[in-house]
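Shown next, in structure tokens, is the structure this report addresses.
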Ligand SMILES: NC(=O)c1ccc[n+]([C@@H]2O[C@H](COP(=O)([O-])OP(=O)(O)OC[C@H]3O[C@@H](n4cnc5c(N)ncnc54)[C@H](OP(=O)(O)O)[C@@H]3O)[C@@H](O)[C@H]2O)c1
């Protein structure tokens with residue numbers, strides 16, 4: 001996609017990957033609007049990046065999504081990029097009773113959130129000369145991490161939804177991209193100091209380079225092995241990957 005001159009709305013821009021993308025895109029000459037539940041985080045990021053704007057949003061709440069979409073369209077008529085990045089990840093145990101709260105909040109945030117957010121903005125985006133929806137999935141949507149079975153399933157679902165959305169918009173001005181990160185050092189699962197995860201700054205640099213091409217799947221090098229989930233070899237890869245993840249880091 002074109003990396004400058006856009007008006008970009010990003011969910012979950014107050015921390016981690018969302019903040020990294022917001023700051024990189026702000027520096028490249030885009031009007032960026034970040035969002036999330038924690039006002040303090042939003043304020044910290046906008047203060048550090050003069051010109052960036054923010055709005056409070058809870059993607060678990062359809063009324064919040066509708067209100068924010070109305071506000072965005074009124075205040076930013078040139079809005080042409082939506083990045084569905086907000087997400088939560090909790091450890092579960094598929095072999096035991098799944099906590100109802102974890103189940104509902106994970107699916108509501110990670111799957112219904114992006115669907116509702118896109119749905120609320122799509123008619124506006126279609127009116128723009130060139131628009132983009134970027135859905136942040138995960139390599140775990142291609143090879144599940146068994147200790148986060150619900151999370152992994154939401155990411156597989158968002159991959160599926162992204163493909164349907166892309167197909168239905170193929171004759172429109174709206175391009176649909178999927179960003180599937182590998183393990184990145186963020187607050188997600190307390191991975192900030194995790195040596196097996198990719199440093200955030202490196203992930204953002206590499207991602208922005210790929211985003212500047214015309215690819216529909218935004219993958220850094222470290223995401224490719226799991227994304228290229230090998231057809232009939234899938235079952236063996238899922239076992240091998242999960243066995244590896246159960247070992248302590250060397
Ligand atoms: N880090 C990784 O290894 C990794 C790998 C693959 C994919 N991803 C994906 O990357 C995305 C960003 O995650 P991250 O790693 O950057 O973790 P993070 O720092 O925890 O960021 C998640 C963001 O989502 C926002 N969020 C969560 N629930 C929300 C809600 N109900 N309404 C609005 N915003 C909400 C949070 O803001 P508030 O709490 O303030 O609302 C937070 O800023 C997620 O979709 C995640 O699944 C991450």
Residues in the range 55-109 that are away from the ligand (no atom under 14 Å from the Cβ), out of contact with any strand residue (DSSP E or B) (no Cβ under 9 Å at 6 or more places or on another chain) and either in contact (Cβ under 8 Å) with a residue 24 or more places away in the chain or not in a loop (DSSP other than H, G, I, E, B) (or both): how many?
9
Right, residue 207: within 13 Å of the chain's Cα centre (by Cα) and at pLDDT 95 or above or not?
yes
Tally of residues being free of Cβ contacts under 8 Å to residues at least 40 places away in the same chain and either under 13 Å from residue 208 (Cα atoms) or not in a strand (DSSP E or B) (or both) across the range 26-47:
14
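Do the conditions hold for residue 99, that is, is it touching a helix residue (DSSP H, G or I) at 6+ places or on another chain (Cβ under 8 Å) and more than 22 Å from residue 21 (Cα to Cα)? Before you say what the answer is, go through the steps one by one.
Numbers: touching a helix residue (DSSP H, G or I) at 6+ places or on another chain (Cβ under 8 Å): no; more than 22 Å from residue 21 (Cα to Cα): yes.
No; evaluated as a whole, the condition is false for this residue.
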Conditions (1) closer than 20 Å to residue 216 by Cβ; (2) surrounded by fewer than 21 Cβ atoms within 10 Å (Cβ to Cβ); (3) more than 14 Å from the chain's Cα centre (by Cα); number of the one not met by residue 103:
(1)
Are any residues in the range 36-59 surrounded by 20 or more Cβ atoms within 10 Å (Cβ to Cβ) and touching a helix residue (DSSP H, G or I) at 6+ places or on another chain (Cβ under 7 Å), and if so, which ones?
36, 45, 52, 54, 57, 59
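The values are calculated or read from the model by the stated rules, or taken from the named source; none is laboratory data. These numbers come from a predicted model, not from an experiment. Note that we place each Cβ from the backbone using ideal geometry, even for glycine, and neighbour counts take in every protein chain shown.
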